[in-house]
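Report on the following structure.
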Amino acid sequence: MTDHIADSSGDRFEVAVIGGGQAGLAMGYFLARGGRHFTILEASDSIGAAWRSRWDSLVLFTPRRYDALPGTPFPGDPDRYPGREEVIDYLENYASTFELPVQLNSAVQSLVPADGAFILNLGSRRVEAEQVVVATGPFQTPNVPAFAAGLGAYVFQVHSTGYRRPSDVPEGTVVVVGGGNTGFQIAKELSSTHAVHLAIGSRQTPLPQRLLGRDLFWWLTKTGLIKKPVDSRIGRRARDRDTLIGSSTRDVKRHGVEVKPRVVDASGGAVKFEDGSELEVDAVIWATGYRSEYGWIDVPVLDQTGRVLHRHGVTDYPGLYFLGLTWQHTRGSALLGWVKDDAEFISERIAATADKRPLHVGAEAETAGTSQGA
């Protein structure tokens, strides 16, 4: 692993992987095994940046036996659930063990095509690559509703990426906005020290963490449901449904959390709910998910809403791939223990493409565009 600073002439690679999280590292494993000349470009100063932005007490809903990247198991009791720090340590050790060429502090500002290849602009330098894998994952830009700006400066508010522990949240009434696994976990943790309300905007499908003595993911693996493709009948039904694992409204109510409907507005020290009721609050935690930011990709692979057009991570533009997207191919595509399946598939496509053409980047890349991106 290197914190790499190159000269202005840049670097040339067969493959450039954008993102040094679980998807990028899994991709790196297969590229290394295939003998490819590649690099992994990570925008932050450390590996696994998305995990570092999560709260201290985060515990995965998949046991360790289902949290391994290709080539090495996740250490510890395979039937127990790892925490945030364990995942970070695992990813760091993984990159070190396989000597993956991660370049830290290497944010890609633009990706542009050039004579059958790609130019990745990194501000003071550039990287040239025959093929590119965008492995930035689904957790990119925090999604906070515009009306959050209506809250007074005296109200503590933070997206879940900025939440760490209950002691950081002022005393008083807290609203956690968001009915996904993140919102439920944070609401339960805060309930021991605060008066907590959980605002849920859509109906969730609660699933038990364990069923008949087995972990949920044992059943999903045993039945093959975890690998059902997105275009299957089951996949089409499941891809747009949010699921809660190990949590439910009944569960949070037992912790003293009051469940409220969707938050529709905020002003001063109050939030307004969909049923017309209002609540004076001291703090708001926005567990409202993320949105993807691909404005820095100057390649025609996005639809009018900015979503990636692909099939199993393969775009219609030769040599450009995506990895780690939610439901990229299966329910497991964005999960730590299953991203390897898509990574291996894409590595095979990369190999097939590379074997057909030599590495070459055109001279016109000097004047390639430099649109900014996240």
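The values are calculated or read from the model by the stated rules, or taken from the named source; none is laboratory data. Note that this is a predicted model, so its numbers are computed, not measured. Counting neighbours? That spans all protein chains shown, and the Cβs are built from the backbone with ideal geometry, glycine included.
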- Item | Matching entry among ALA153, ALA135, ALA148 (being surrounded by 15 or more Cβ atoms within 10 Å (Cβ to Cβ), in the same structural domain as ASP282 (by TED's automatic domain parsing) and of a type in the set (A, V, I, L, M)) | ALA148
- Single residue of the range 162-180 satisfying the filter (surrounded by fewer than 19 Cβ atoms within 10 Å (Cβ to Cβ) and in contact with a strand residue (DSSP E or B) (Cβ under 6 Å, 6 or more places away or on another chain)) that is farthest from GLY269 (Cα to Cα): PRO170
- Task: Collect the residues in the range 302-322 that are over 28 Å from PHE217 (Cα atoms), in contact (Cβ under 8 Å) with a residue 24 or more places away in the chain, part of a loop (DSSP other than H, G, I, E, B) and not hydroxyl-bearing (Ser, Thr, Tyr), keeping them in residue-number order.
- Result: PRO318, GLY319
- Query: Only one of (1) in the same structural domain as MET27 (by TED's automatic domain parsing); (2) of a type in the set (A, V, I, L, M, F, W, C); (3) in a strand (DSSP E or B) is not met by LEU325, so which one is it?
  - Reply: (3)
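For the range 1-56, which positions are more than 17 Å from PRO138 (Cβ to Cβ), of a type in the set (S, T, N, Q) and modelled with pLDDT of 95 or more?
Residues of the range 1-56 that are more than 17 Å from PRO138 (Cβ to Cβ), as a first pass: 1-16, 28-41, 45-47, 55-56.
Next, only the ones that are of a type in the set (S, T, N, Q) stay: 2, 8-9, 39, 46.
Selection gives THR39, SER46.
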- Only one of these is at pLDDT 55 or above, more than 15 Å from the chain's Cα centre (by Cα) and surrounded by 15 or more Cβ atoms within 10 Å (Cβ to Cβ): ASP316, ASP341, ASP355. Name it. ASP341
- Answer yes or no as to whether ALA238 is of a type in the set (A, V, I, L, M), within 28 Å of TYR81 (Cβ to Cβ) and in contact with a Pro (Cβ under 8 Å, 6 or more places away or on another chain). no
- THR193 vs (1) touching a residue at least 60 places away in the same chain (Cβ under 8 Å); (2) farther than 19 Å from ALA50 by Cβ; (3) hydroxyl-bearing (Ser, Thr, Tyr); (4) surrounded by fewer than 20 Cβ atoms within 10 Å (Cβ to Cβ): all pass except (1)
- Look through the range 133-148, keep the residues that are touching a residue at least 60 places away in the same chain (Cβ under 8 Å) and not in a loop (DSSP other than H, G, I, E, B), and return whichever of them is farthest from VAL175 (Cα to Cα). VAL133
- Item | In the range 28-50, the residues that are touching a strand residue (DSSP E or B) at 6+ places or on another chain (Cβ under 7 Å) and not acidic (Asp, Glu) | GLY28, LEU31, ARG36, HIS37, PHE38, THR39, ILE40, LEU41, ILE47
- Item | Cβ-Cβ under 8 Å pairs, at least 6 apart or on other chains, the range 198-227 side in contact (Cβ under 8 Å) with a residue 40 or more places away in the chain, far side part of a strand (DSSP E or B) and acidic (Asp, Glu) | LEU198/GLU258; GLN209/ASP215
- Query: Filter the range 279-289 for residues that are part of a strand (DSSP E or B) and crowded, with 17+ Cβ neighbours inside 10 Å; which is nearest to the chain's Cα centre (by Cα)?
  - Reply: TRP286
- Message: Tell me yes or no: at least one residue of the range 4-23 is touching a residue at least 60 places away in the same chain (Cβ under 8 Å), within 30 Å of ILE245 (Cα to Cα), in contact with an Asp or Glu (Cβ under 7 Å, 6 or more places away or on another chain) and not hydroxyl-bearing (Ser, Thr, Tyr).
- Response: yes
